[in-house]
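Everything on this sheet refers to the single structure shown next.
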Amino acid sequence: GENVEQHPSTLSVQEGDSAVIKCTYSDSASNYFPWYKQELGKRPQLIIDIRSNVGEKKDQRIAVTLNKTAKHFSLHITETQPEDSAVYFCAASRRGGSEKLVFGKGTKLTVNP
Amino acid sequence: NAGVTQTPKFQVLKTGQSMTLQCAQDMNHEYMSWYRQDPGMGLRLIHYSVGAGITDQGEVPNGYNVSRSTTEDFPLRLLSAAPSQTSVYFCASRMTGGFSETQYFGPGTRLLVL
């Protein structure tokens, strides 16, 4: 089955710096890759996603890139702000196939003012 | 539109007791799933369903049962609770196919097994 590896497990940056979180997946048939943000004590919420037919997607300060050949995808946050501090999860699924969404173990991002 | 709801919010069980965690959604989503979240382990998939009458196992199914008799409800049953099942449980739902791919999570159930 699908296995998703996520690195680093913790990341500390200064306000205004960029943050990058990387994930690799094992199932070459996976075609949908979302990223979730979870604030302390709250439920995970989708922040951005990408399909396998797209190499990059941006939404304001957040971008995701996908390398299908290497089976890895990354989350990029620019101009980080203290409110970006949270745990971020990557995930992968085969839409149109098993549909199940498998998550990485998460990255705790701390943005220091 | 309440989204995904879960009950109870908190529960304390003794080893060996049984209970059902309830999950409901009012968005007519075909796909529903259960995750457990433990420190450092991320969100691990327990069971999932792609429609009424269809369920399948995820990464950590042992000790849990599910059924899907309606589109709206997807209860998770612990037949004989163990301390290793102490965790936060999230239910989630989304459409299958279609344009929207967003998976929505419920608020979670915090379970303590003594």
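Below, the figures for the structure above:
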{"item": "Output for segment A:63-97, where each listed residue is crowded, with 17+ Cβ neighbours inside 10 Å and free of Cβ contacts under 8 Å to residues at least 24 places away in the same chain", "result": "A:ALA63, A:THR65"}
{"item": "Matching residues in segment B:58-78 - criterion: being open to solvent by 60 Å² or more (accessible area, probe 1.4 Å) and either among the basic types (Lys, Arg) or modelled with pLDDT under 95 (or both)", "result": "B:GLU59, B:ARG77"}
{"item": "Candidate set: segment B:34-60, residues that are within 7 Å of chain A (Cβ to nearest Cβ) and touching a residue at least 24 places away in the same chain (Cβ under 8 Å); chosen: the one farthest from B:PRO75 (Cα to Cα)", "result": "B:LEU43"}
{"item": "Criterion (over 30 Å from A:PRO8 (Cβ atoms), surrounded by 13 or more Cβ atoms within 10 Å (Cβ to Cβ) and among the β-branched types (Val, Ile, Thr)) met by exactly one of B:THR7, B:THR15, B:THR86", "result": "B:THR7"}
{"item": "Matching residues in segment A:98-113 - criterion: being part of a strand (DSSP E or B) and either facing chain B (nearest Cβ under 7 Å) or surrounded by fewer than 19 Cβ atoms within 10 Å (Cβ to Cβ) (or both)", "result": "A:VAL102, A:PHE103, A:LYS108, A:THR110, A:ASN112"}
{"item": "Which numbered condition A:TRP35 fails, given (1) part of a helix (DSSP H, G or I); (2) open to solvent by less than 50 Å² (accessible area, probe 1.4 Å)", "result": "(1)"}
{"item": "Unmet criterion (only one of (1) farther than 30 Å from B:THR55 by Cα; (2) crowded, with 17+ Cβ neighbours inside 10 Å; (3) more than 11 Å from the chain's Cα centre (by Cα)) for A:VAL54", "result": "(2)"}
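The values are calculated or read from the model by the stated rules, or taken from the named source; none is laboratory data. Predicted, not measured: the structure shown is a model, and the values here were computed from it. Every residue, glycine as well, gets a Cβ built from its backbone with ideal geometry; the counts of neighbours run over all protein chains shown. These area figures cover heavy atoms from the full protein model, side chains too; ligands, DNA and RNA do not enter into them. Shrake-Rupley method; radii C 1.70, N 1.55, O 1.52, S 1.80 Å.
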